[in-house]
Amino acid sequence: MRAEIAEVVSFMKSLVKLKNNVKAEKIDLFGKRLAVVLQEKFEGHWYPENPSKGQAYRCIRVNNLHQQDPELLRACRESGIKYSDLGLPWEITLWVDPGEVCGRYGENNFDFPVATLSKDTGKMVSEYHSDSSDEESKRSSPLTIPNRKCSNQVTHGAEITSFPTHLFLNHCCFCV
C-alpha cells in the first residue's frame with residue numbers, strides 16, 4: 001500500500017508543480033500530509049488478493065459533482081495550501097489499487113497507468129519516467145500518457161488496444 005500511495009503522491013506533486021502556484025516546501029509538506037491521509041483512509045480497505053475490491057472507496061476524484069476531493073482538501077488544510085492553488089485538472093480520477101495506480105483525465109476519456117507493480121522486481125514502476133538522470137527532470141510531464149491501459153480496472157474506460165493521445169489532448173482542461 002505504501003508504494004502505491006507514494007506513486008499517487010509523486011504524481012499529484014507533479015501536477016501541482018505544473019501550475020507553479022505553490023512553493024516547493026509547501027508542495028513537499030502537501031505530499032507528506034497526503035500520504036498520511038491516504039494511508040489512514042485505505043487501512044482496512046486494501047485487498048491484494050482481489051485488487052478491484054474497494055476501488056470506489058480508494059478513488060481520488062475531482063469533477064463537476066465532486067469539485068474538491070476530501071482527502072486532497074484535508075492534505076491542503078494540514079499543509080497550509082489553498083485547494084484552488086493546486087491547479088488540478090477540472091476532471092481527474094485516480095484509482096489506487098494493490099499493484100496498480102491508474103488515472104483518467106475527463107469523464108469520457110480512457111484510463112491510463114500511473115504506476116504498476118513489476119513482476120520482475122516486485123516494486124512499483126512509474127509509467128511516466130524519462131531517460132534523464134537528473135532527479136527533477138527524471139519524470140516526464142504527468143500529462144504525458146503511456147500508450148497502454150490499466151489491467152485492474154473493472155469498467156473505467158472503453159476497451160482499446162492503444163491509447164489515442166489526441167483524445168486526451170483535446171479534452172485536457174485545467175483550472176486557470
- Query: If SER137 passes every condition in (1) surrounded by fewer than 14 Cβ atoms within 10 Å (Cβ to Cβ); (2) at pLDDT 90 or above; (3) among the small types (Gly, Ala, Ser) but one, which one does it miss?
  - Reply: (2)
- Message: Among (1) surrounded by 13 or more Cβ atoms within 10 Å (Cβ to Cβ); (2) modelled with pLDDT of 95 or more; (3) not in a loop (DSSP other than H, G, I, E, B), there is one condition GLU40 misses while meeting the rest; what is its number?
- Response: (1)
- The strands (runs of 3 or more DSSP E) lying wholly within the stretch 80-128 that contain at least 1 residues that are among the polar types (S, T, N, Q) are 92-97, 112-117, 124-126
- Message: Go through the stretch 12-28 and report how many residues are more than 17 Å from the chain's Cα centre (by Cα) and either surrounded by 14 or more Cβ atoms within 10 Å (Cβ to Cβ) or among the aliphatic types (A, V, I, L, M) (or both).
- Response: 4
- Message: Would you confirm whether or not the stretch 107-125 contains a residue that is of a type in the set (Lys, Arg) and closer than 23 Å to GLU25 by Cα?
- Response: no
- From the list SER84, SER132, SER118, SER79, pick out the single residue that is at pLDDT below 85 and surrounded by fewer than 20 Cβ atoms within 10 Å (Cβ to Cβ). SER132
- Residues (in contact with a helix residue (DSSP H, G or I) (Cβ under 6 Å, 6 or more places away or on another chain) and of a type in the set (D, E, K, R)) located in the stretch 59-110: GLU71, ARG74, GLU78
- Criterion: closer than 17 Å to ARG33 by Cα, among the charged types (D, E, K, R) and crowded, with 16+ Cβ neighbours inside 10 Å - qualifying residue of ARG74, ARG61, ARG104: ARG74
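Residue by residue through the stretch 43-79, note down the ones that are part of a loop (DSSP other than H, G, I, E, B), free of Cβ contacts under 8 Å to residues at least 60 places away in the same chain and in contact with a Pro (Cβ under 8 Å, 6 or more places away or on another chain). Outline the logic, then answer.
At the first step, the residues of the stretch 43-79 found to be part of a loop (DSSP other than H, G, I, E, B) are 43-58, 63-69.
Checking which are free of Cβ contacts under 8 Å to residues at least 60 places away in the same chain leaves us with 43-50, 53-54, 56-58, 63-69.
Of everything in the stretch 43-79, those that are part of a loop (DSSP other than H, G, I, E, B), free of Cβ contacts under 8 Å to residues at least 60 places away in the same chain and in contact with a Pro (Cβ under 8 Å, 6 or more places away or on another chain) turn out to be TRP46, TYR47, PRO48.
The values are calculated or read from the model by the stated rules, or taken from the named source; none is laboratory data. Note that the coordinates shown come from a computational prediction; the quantities given were computed from them, not determined experimentally. Counting neighbours? That spans all protein chains shown, and the Cβs are built from the backbone with ideal geometry, glycine included.
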